[in-house]
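The values are calculated or read from the model by the stated rules, or taken from the named source; none is laboratory data. What you are looking at is a predicted structure, and each value in this text was computed from that prediction instead of being measured. Here the Cβ is made from the backbone with ideal geometry for all residues, glycine too, and neighbour counts use every protein chain on show. Ligands, DNA and RNA are excluded from the accessible area calculation, which covers all protein heavy atoms including side chains. Shrake-Rupley method; radii C 1.70, N 1.55, O 1.52, S 1.80 Å.
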Amino acid sequence: MMRRLEAGELDVAICVTEGLVAGIKNNAIRLFGTFVETPLPWAVSVRVDAAYATLDDLAGNVVFGASRLGSGSDVMARYMASQFEWGHEPDVRVVGDIHALVNGVQTRTIDAFLWERTTMQRHYTQNEVRYLGT
């Protein structure tokens, strides 16, 4: 959708704010209103048997998964590193959609990923991945 906005193929789009950050930064897109007044609760997910106990444990050589560059999963991993003052950009690897991200932590292709908390509940209940924090 971002490419279509930047190319002028769309006049207006309703998007998750995190996905608009790059376009706003490059002055290609302008945010002119909000539809939802509350933020999404982002959850950090890891392998069920991962040794991580706290979000700060992710500060080392951890590979975060993302659905695509500039997506919420990408932007929020970078935001988290900044908020926790890790002192470096996180290593973010694009692996694909939510199913690819879940598979990525299970197969150790990635160590963690961020996704909207409510959407992840099914994966936590089925013990596919473990919730580490928000």
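Among GLN121, GLN106, GLN83, the largest mean-square fluctuation in a Gaussian network model of the chain, built with springs joining Cα atoms closer than 10 Å, belongs to GLN83. Less than 5 angstrom separates the built amide H of GLY133 from those of VAL44, all sequence-distant by 5 or more or on a different chain.
For the chain, the solvent-accessible area with a 1.4 angstrom probe is 61 square angstrom per residue.
Among beta bridges identified by DSSP and lying wholly in the chain, the antiparallel ones come to about 55 percent. Positive end of the dipole of the chain (Cβ unit charges, origin at the Cα centre): among GLY8, ALA51, VAL75, the Cα lying farthest that way belongs to GLY8. Ranked by the mean number of other Cβ atoms within 10 Å per residue, highest first, peptides 49-59, 94-104 order as 94-104, 49-59.
Dipole check for the chain: with +1 at the C-beta of Lys and Arg, -1 at the C-beta of Asp and Glu, and the Cα centre as origin, the magnitude is about 220 Debye. The accessible surface of the chain, taken with every protein chain in place and a 1.4 Å probe, is 52 percent carbon and sulfur.
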